[in-house]
Amino acid sequence: MKKKGVKGTNWVLTVILLICCLTVFFPLYMTVIIAFKQPSEMTNNVAGALAFPSSWSFSNFAEAMEVTDFWHSLGNSLLITVIAIAGAIILHSIGGYAIGRNMTKKKGYRWIYYYIVSGMFVPFAILMMPLVKQTAQLGIANRAGVILLYIVFYMPINIMLYTGYLKNIPLAMEEAAEIDGATTWVAFKKVIFPMMKPMHATVAVLTALGTWNDVMTPLVIMSGTGQTTLPLAQLNFQTQFGTNYNLAFASYLLALIPILIFYVVCQKQIIGGIANGAVKG
Amino acid sequence: MKTKKAMSHKDKTFLAMIIPVVVLFFAFNTLPLIKGAIYSFTNYRGYGSYDWVGFRNYIDLFTDIRVGNSYLFTFKYAIAGTILVNVLSLMLAIGLCSKIRCKSFLRGVYFVPNILGGLIVGYIFSFIFTYILPAAGEALNIGFLQNSILADERYAWIGVLIVGVWQAAAMNTIIYISGIQTVPADIYEAGMIDGANAWQTFRKLTLPMLMPFVSINLVLSTKNLLMVFDQIMSLTKGGPAQSTESISYLIYKNGMDGGQFGFQSANAVLFFVVIVTISIIQMKLTSRKEEQL
Amino acid sequence: MNAKKTTALVLAAIIPAALALSGCSDTKSGDVTVIELVQYKPEAVAAFEKIEQRFNETHDDVQLRIESPNEAMTILKTRFIREDYPDIVGIGGDINYSNFLDSDMFMDISDFEGISKVKPVYTEMENALHFLPVDGVYSLPYVANCAGILYNKDMFEEHGWTIPQTWSEFIELCEQIQTEGIQPLYFGYKDVWTCLSPWNSLAVALAPADTCSMVNSGETTFSKEYRETAEKMQTLLEYGEPNPYAYSYNDACTAFARGESAMFTIGSYAVPQIKSVNPDMNIDSFTFPANENESDNVLTSGIDLQFCVMSECENKEAAYEVLSFLCEEETVQIYLDDQNAIPCLEGDFTLPSMLDGMRSYIDSGRMSDFHDHHYPSEMSVDAMVQTFLMDKSENAVDTFLTRFDTEWVRYNRDLIKKVRDYEKGASE
């Protein structure tokens, strides 16, 4: 990047964006006060519902952590999400690269692209039962199976993103490396993979988004293993005939923090990505 | 035809890269899809024994009013939603990539809707629609606000749409943001020097560079909105008067909870074919646009 | 070389990592037989933990493991697909049971002596859940729930209102409550399933208990049997909040707990949620007075939990030992105290006080099963009832009943065919 931008801070835009934040802050405010209230403070009265809780005690949070076996569930959720993201970044960037670099010239790769991308339109409900059976037969009706399934579920979206991103990375980049004697694999590993960093961050965020809150996959695949994830444990707060919103909201707020931190970290990776340096090269 | 040339080293590497991807995908997506599709020719309940019923399920699909209504609702919802989501998230992404203060904070805030769990979204927005908006409507004497829109079979879909867009915009914004990062700063600066105003810069320089991301986002948001499920579960459960039953909701509710696994498998197969067709058309259109620009 | 290496690398990274994680924890505990029981009511987890502990303290040869998962029906169905069967399941006496039974998933337990302790009214209800007559006994009805009208006892005493015995008394009461400036009823019709609560209470009193199976064998139609029920459902609307389709079950519980209405047409299962908002509330209940003649009224009560031994169970004796333990009076009482339930077994039990108003019906067995226990869930009768109530046109009742009949045939055609084939076979 050269010098500072032409203009300084755009204050008007900043203010507009801050005002629009209210659409997020209002629901969030309600979530927070409900998380601090006791069930006996719940009411259908608007003023009462928006009022502060009678005390700002963290007892709901403590109880929610106990009910969900928080550290154990969090550990499982983290384990599943992190490995799924790592697997997705490695496998999908490789696949996306192979497809992206060949699909304009070779029909086969173009078909593979359409084949995989079309997979994202398969309703999960139809896959569910066969997958339950299949994972059981393979002996992976557990966390490993859930991770594997996530890697496959997010393959269409991620491959689409990677191939899309490649269009903005000139072929010259790896050709230069290949002239220097690098093989295709090395050129990918040393040149392209690092250049795709902003897309890795995007893929990481999207994959994390999908996996972190997902109930269905672990519910049907992992049931009976004694393992649980945060969203599974959070089902404890609701039954058909009663929901403890106060504990549930406290628990959801706790579960929100790790992924929010992760997102902010990833955002730093997306900003100031390749293109500024790359195209000049 | 020419004789097959020996594969170059490069081609072999590419092949080696793609094979594991395809194998995994086939094993855990295509294979179960085929197995599921086979059930669409049965009256399988999801367990126990079943009979083959030929094409009965498919014939029924076209005479089932509920299925028909779910397609109408879903498409109405997806078309309106795709437009809204893309316009909003593109605007948001450009805003969040401009020279503004509190950038990280703002990006964090606009991401939150997407990670709020269904229970929270359901409770909070039901409360807003059921109590807060009608109270505001009464206080300000605005007639149409005085009844919960979630309780009105004509407008409930709009309530679901508002929440759906509110949640979905975050994801598409992320993709637009990463797309904007690929637009070199020089292009802007060149535009500025030419004296191009902001709209022209956007129209002539930024948008063409963003086209691949526009097409990705169009496909993704269409897909996500067509498969709307979470918002239905948390806000309306298909009501009022069955006016917001989406296709995915029907497939899940009757296929998994109810005993219609075979019939809903047929519905899922049909739905799959429909969305793939739409997406191919969409991709063809946007890729033509990409080339033109 | 490189090419192969790449493939190998990727596969090597993904698959074994996956398998390594899967380190199975299959513990075999010597000669102790482990009996696994999965029950579908997560809200009763505390009671079952107590039961499990007591069982394991007193039994050395059999170890009982009780699971009370959330989304139990989904979990059970997926476990059946996996062929990973528990030994005993605890499920409701509803259409799911009928379907499972129809798929030959349960074992005949007619030689289990505890069966004789089941009250005849519940044996009958259980029998009515069989699609076709079967030989043998496949379930042990354990506890029942009941539905009718919950009322705010303090409010009733304060105003001197009396419990109505007939439909006209009930309507009179509602009118009176209304003139005193209080809302008589509160509905949570946004959650469609709550529509079925008054529906069931009216239907059991106004239509024959075996309406559904009579329709299946072609002896009657819903248009004939359900007309009065449908009309009375419409009448009720006048005494609830305007636009009840905006308010959820939870809203209704909160409103009733806050004294916004005098009565609530729901089952005893709603009491814990109501009490969470207002722990000091004095709640009692009465049977829905659906008829003009008090003696025609029937309490809606159905099997809420029954135990079935899976046909794959390898240790019948051990399973019976568990069932016998479950049938012991102290064990049943643990459950009753925790869940405000009604026992399906004969014995000397203490019933929860909020059922006082229904006590005479319970003691004399004047009970009939929830009609929706016979409705296929994919037909979504709850949503149909909501749709009907929202229909403001004059022929709403006719539209609804016609739709009920046509959709019933559509959703049940395989069953109807089966029943009629069977009947033809039986008569020949």
Which residue out of B:Gly137, B:Gly164 is within 14 Å of chain C (Cβ to nearest Cβ), assigned to a helix (DSSP H, G or I) and touching a Phe, Trp or Tyr at 6+ places or on another chain (Cβ under 9 Å)?
B:Gly137
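With respect to A:Thr135, determine if the residue is at the interface with chain B (Cβ under 10 Å from one of its Cβ atoms), among the hydroxyl-bearing types (Ser, Thr, Tyr) and surrounded by 20 or more Cβ atoms within 10 Å (Cβ to Cβ). Steps first, answer last, please.
Numbers: at the interface with chain B (Cβ under 10 Å from one of its Cβ atoms): yes; among the hydroxyl-bearing types (Ser, Thr, Tyr): yes; surrounded by 20 or more Cβ atoms within 10 Å (Cβ to Cβ): yes.
Answer is yes for this residue.
Within the range A:100-130, which residues are β-branched (Val, Ile, Thr) and more than 7 Å from every other protein chain (Cβ to nearest Cβ)? Spell out the reasoning first.
We begin by selecting, within the range A:100-130, every residue β-branched (Val, Ile, Thr); these are A:104, A:112, A:116-117, A:122, A:126.
Within the range A:100-130, A:Thr104, A:Val117 qualify.
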Residue ID - surrounded by the fewest Cβ atoms within 10 Å (Cβ to Cβ), chosen from residues in the range A:197-227 that are facing another protein chain (nearest Cβ under 10 Å) and assigned to a loop (DSSP other than H, G, I, E, B)
A:Gly226
Can you list residue pairs whose Cβ atoms sit under 6 Å apart, with the first residue in the range A:1-21 being facing chain B (nearest Cβ under 7 Å) and the second being at pLDDT 80 or above and exposed (fewer than 15 other Cβ atoms within 10 Å of the Cβ)? Count only pairs 6 or more apart in sequence or on different chains.
A:Thr9/B:Arg101; A:Thr14/B:Arg101
As an exercise: evaluate C:Asn152 against (1) away from chain B (no Cβ under 14 Å); (2) under 22 Å from the mean Cα position of the chain (by Cα); (3) more than 30 Å from A:Val67 (Cα to Cα); (4) surrounded by 19 or more Cβ atoms within 10 Å (Cβ to Cβ) and give the number of the one condition it does not meet.
(2)
In the range B:37-69, how many residues are under 20 Å from C:Phe80 (Cβ atoms) and within 12 Å of chain C (Cβ to nearest Cβ)?
11
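Matching residues to (1) part of a helix (DSSP H, G or I); (2) small (Gly, Ala, Ser); (3) in contact with a Gly (Cβ under 9 Å, 6 or more places away or on another chain); (4) at pLDDT 95 or above:
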| residue | (1), (2), (3), (4) |
| --- | --- |
| C:Phe170 | yes, no, no, yes |
| C:Val204 | yes, no, no, no |
| C:Pro208 | no, no, no, no |
| C:Gly218 | no, yes, no, no |
Starting from residues that are within 11 Å of chain C (Cβ to nearest Cβ) and farther than 16 Å from C:Lys392 by Cβ, keep the ones in the range B:143-157 and report whichever is surrounded by the most Cβ atoms within 10 Å (Cβ to Cβ).
B:Leu150
Conditions: (1) over 18 Å from the mean Cα position of the chain (by Cα); (2) within 25 Å of A:Gln227 (Cα to Cα); (3) surrounded by 24 or more Cβ atoms within 10 Å (Cβ to Cβ). A:Pro123 meets all but one. Number of the miss?
(2)
Residues in the range C:303-360 that are outside any helix (DSSP H, G or I) and not aliphatic (A, V, I, L, M): how many?
19
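Can you find a residue that is within 14 Å of chain B (Cβ to nearest Cβ) and either charged (D, E, K, R) or surrounded by fewer than 17 Cβ atoms within 10 Å (Cβ to Cβ) (or both) anywhere in the range C:190-213? Quick ask: steps written out before the conclusion?
Start the filter on the range C:190-213 by keeping residues that are within 14 Å of chain B (Cβ to nearest Cβ), which leaves C:190-196.
So of that shortlist, the ones also either charged (D, E, K, R) or surrounded by fewer than 17 Cβ atoms within 10 Å (Cβ to Cβ) (or both) come out as C:190-191.
Looking for residues that are within 14 Å of chain B (Cβ to nearest Cβ) and either charged (D, E, K, R) or surrounded by fewer than 17 Cβ atoms within 10 Å (Cβ to Cβ) (or both), one finds at least one in the range C:190-213, hence yes.
With a cut-off of at least 2 residues that are modelled with pLDDT of 80 or more and of a type in the set (Phe, Trp, Tyr), name the helices (runs of 4 or more DSSP H) lying wholly within the range B:201-293.
Of the helices (runs of 4 or more DSSP H) lying wholly inside the range B:201-293, those with at least 2 residues that are modelled with pLDDT of 80 or more and of a type in the set (Phe, Trp, Tyr) span B:247-252, B:261-292.
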So, A:Phe58, is that one out of contact with any helix residue (DSSP H, G or I) (no Cβ under 7 Å at 6 or more places or on another chain), of a type outside the set (Val, Ile, Thr) and closer than 27 Å to A:Leu260 by Cβ or not?
yes
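Per-residue answers, yes or no, for (1) closer than 30 Å to C:Arg413 by Cβ; (2) within 14 Å of another protein chain (Cβ to nearest Cβ); (3) within 19 Å of the chain's Cα centre (by Cα); (4) at pLDDT 95 or above:
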| residue | (1), (2), (3), (4) |
| --- | --- |
| C:Arg227 | yes, no, no, yes |
| C:Met233 | yes, no, no, yes |
| C:Leu236 | no, no, no, yes |
| C:Tyr249 | no, yes, yes, no |
| C:Met263 | no, no, no, yes |
| C:Tyr269 | no, yes, yes, no |
| C:Lys275 | no, yes, no, no |
| C:Thr287 | no, no, yes, no |
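Taking the range B:96-121, which residues are among the small types (Gly, Ala, Ser) and surrounded by fewer than 21 Cβ atoms within 10 Å (Cβ to Cβ)?
Listed by number, the residues that qualify are B:Ser98, B:Ser104, B:Gly108, B:Gly118.
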Members of the range C:13-45 found to be within 14 Å of chain A (Cβ to nearest Cβ), at pLDDT below 90 and either loosely packed, with under 15 Cβ neighbours inside 10 Å or in a loop (DSSP other than H, G, I, E, B) (or both), listed by number
C:Pro16, C:Ala20, C:Ser22, C:Gly23, C:Cys24, C:Ser25, C:Asp26, C:Thr27
Could you tell me which residue of the range B:228-269 is farthest from the other protein chains (Cβ to nearest Cβ), considering only residues that are free of Cβ contacts under 8 Å to residues at least 40 places away in the same chain and over 20 Å from B:Leu119 (Cα atoms)?
B:Gln264
Being closer than 16 Å to C:Ala318 by Cα and acidic (Asp, Glu), is that true of even one residue in the range C:71-81?
no
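When you check A:Met65 against the structure, is it touching a Ser or Thr at 6+ places or on another chain (Cβ under 9 Å) and within 14 Å of chain B (Cβ to nearest Cβ), yes or no? If you could, list the steps in order and put the result at the bottom.
Details: touching a Ser or Thr at 6+ places or on another chain (Cβ under 9 Å): yes; within 14 Å of chain B (Cβ to nearest Cβ): no.
When the stated conditions are applied, A:Met65 does not pass them.
The values are calculated or read from the model by the stated rules, or taken from the named source; none is laboratory data. Values in this document were obtained by computation on a predicted structure and should not be read as measured data. All Cβ positions, glycine included, derive from the backbone under ideal geometry; neighbour counts span all protein chains shown.
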